[in-house]
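Participant: Please see the structure below; I have some questions.
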Amino acid sequence: MRLQKYMSLCGIGSRRKSEEFIKQSRVSVNGRIVTKMGVKVDPHKDEVYFDGRVIELDNKKYYILLNKPKGIVTSVKDQFNRKTVIDVIDWEGPRIYPVGRLDYNTEGLIILTNDGELTNKLTHPKYGVEKEYFCIARGRIQTSDIHKLRNGVDIGNYKTSPAKVVFVRYNKENSELCITISEGKNRQVRRMFDAIGYPILYLRRERMGDLKINDLVPGGWRFLYDKEIKALKEL
Ligand code: URA
């Protein structure tokens, strides 16, 4: 990343202020004073000094809300070189990680953070954080099948806990519903609908705890507001 960006992430000052410090010959990279713009640094390898003192990324916590588009992997790196959530936000700051997972073809709310404690709270089954999904399933779902989802279904050696299910409408030969679960088994919503014979055609996570995706478009992201971070920590 650019030297002035790195300096500002280390808490030295704004990027513009950092550029001034560079011009004033107060910054060195790997023992060499830098005065020109355009120098890039690798925070994991390069040693940057400001006024003779080494600078490091401060332990600031970052909280990002992303509307994950379809066709993106929820990981930091992918063994098949597919695009990841980190690529989508074009992040160059300190390492952050997705909280939980969304399938490759699922859209919607995903939090990215370097706050391990919050990640644990949001993903550990004992806290039972609610996750709400909008889905389109193939076929006209029967009321009796909606009850099956509400009561819990067998998804292969596991019976799901009761889910909240709201029927939205039939759209031609498909059904649109909202489903809220408090567990996080792998591909759980898809497996629940498979189990009752209505395969999912489209899936989007709309809410986690009190946090909603609202009007963020797929691929759009923003930092969480302080009050949203506080609410998640208090769940
Ligand atoms: N359930 C699924 O089936 N897929 C997801 O991505 C999330 C929940």
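Participant: Taking all protein chains together and a probe of 1.4 Å, list K77, K70, K126 from the most accessible to the least accessible. Kindly include the intermediate steps, with their values, before the conclusion.
Facilitator: Working: K77 175, K70 105, K126 150 Å².
Accessible-area ranking of K77, K70, K126, largest first: K77, K126, K70.
Participant: How far apart, in nm, are the 7 Å Cα→Cβ label points at D154 and R82?
Facilitator: Those two pseudo-labels are separated by 3.0 nm.
Participant: Additional query: Which distance in nm do the two modelled labels at N171 and H147 give, with both placed 7 Å along the Cα-to-Cβ direction?
Facilitator: 2.8 nm
Participant: Between rounded, prolate and oblate, where does the range 1-108 land on the alpha carbon gyration tensor, with a ≥ b ≥ c its root eigenvalues, rounded for a/c under 1.5, else prolate if a/b exceeds b/c?
Facilitator: Values: a/c = 2.92, a/b = 2.59, b/c = 1.13.
Prolate, since a/c reaches 1.5 and a/b exceeds b/c.
Participant: Under the Kirkwood approximation applied to all pairs of distinct alpha-carbon atoms, what is the hydrodynamic radius of the chain in Å?
Facilitator: Details: mean 1/r = 0.0495 Å⁻¹.
After inverting the pairwise mean of 1/r, the radius is 20.2 Å.
Participant: Here is a follow-up. So what's the net charge close to E92: Lys and Arg +1, Asp and Glu -1, counting the other residues with Cβ under 9 Å from its Cβ?
Facilitator: Here the charged neighbours net out to +1.
Participant: Just by accessible area at a 1.4 angstrom probe, what is the order of W91, W221 from largest to smallest?
Facilitator: Details: W91 45, W221 90 Å².
From most accessible down to least: W221, W91.
Participant: Mind scanning K17/K60; K126/K233; K5/K121; K61/K126; K77/K164; K126/K164 and naming the pairs with a C-alpha gap bigger than 22 Å?
Facilitator: Details: K17/K60 20 Å; K126/K233 15 Å; K5/K121 31 Å; K61/K126 24 Å; K77/K164 34 Å; K126/K164 18 Å.
Listed pairs above 22 Å: K5/K121; K61/K126; K77/K164.
Participant: Mind checking the full-extension length gain between R53 and R2? Use 0.36 nm per residue of separation minus the Cα-Cα distance, one decimal, nm. All intermediate terms of the calculation are to be shown ahead of the outcome.
Facilitator: Values: separation 51, 0.36 × 51 = 18.36 nm, distance 1.90 nm.
So the extension gain works out to 16.5 nm.
Participant: Once label points are set 7 Å from the Cα along Cα→Cβ at both M37 and E183, what is their separation, rounded to one decimal in nm?
Facilitator: In this crude spin-label approximation the distance works out to 5.6 nm.
Participant: Mean residue ellipticity at 222 nm from the helices of the chain, using -39,500 (n - 2.57) per DSSP H segment of n ≥ 4 over the full residue count, to the nearest 500 deg cm²/dmol? List each step's numbers first, then the result.
Facilitator: Working: 7 runs with 54 residues, N = 235.
My calculation for the chain gives -6000 deg cm²/dmol from helical runs alone.
Participant: Here is a follow-up. Leaving ligands, DNA and RNA out of it, rank V88, V41 by accessible area with a 1.4 Å probe, largest first. Intermediate values should be presented prior to the final figure.
Facilitator: On the way: V88 30, V41 5 Å².
Output order, biggest surface exposure first: V88, V41.
Participant: On to the next question. Please state the shape class of the range 136-215: rounded when a/c is under 1.5, otherwise prolate if a/b exceeds b/c and oblate if not, all from the C-alpha gyration tensor.
Facilitator: oblate
The values are calculated or read from the model by the stated rules, or taken from the named source; none is laboratory data. These figures come from a predicted structure and were not determined experimentally. Glycine also receives a Cβ, built like all others from the backbone with ideal geometry; neighbour counts cover every protein chain displayed. Side chains included, ligands, DNA and RNA excluded: accessible areas come from the protein's heavy atoms. Shrake-Rupley method; radii C 1.70, N 1.55, O 1.52, S 1.80 Å.
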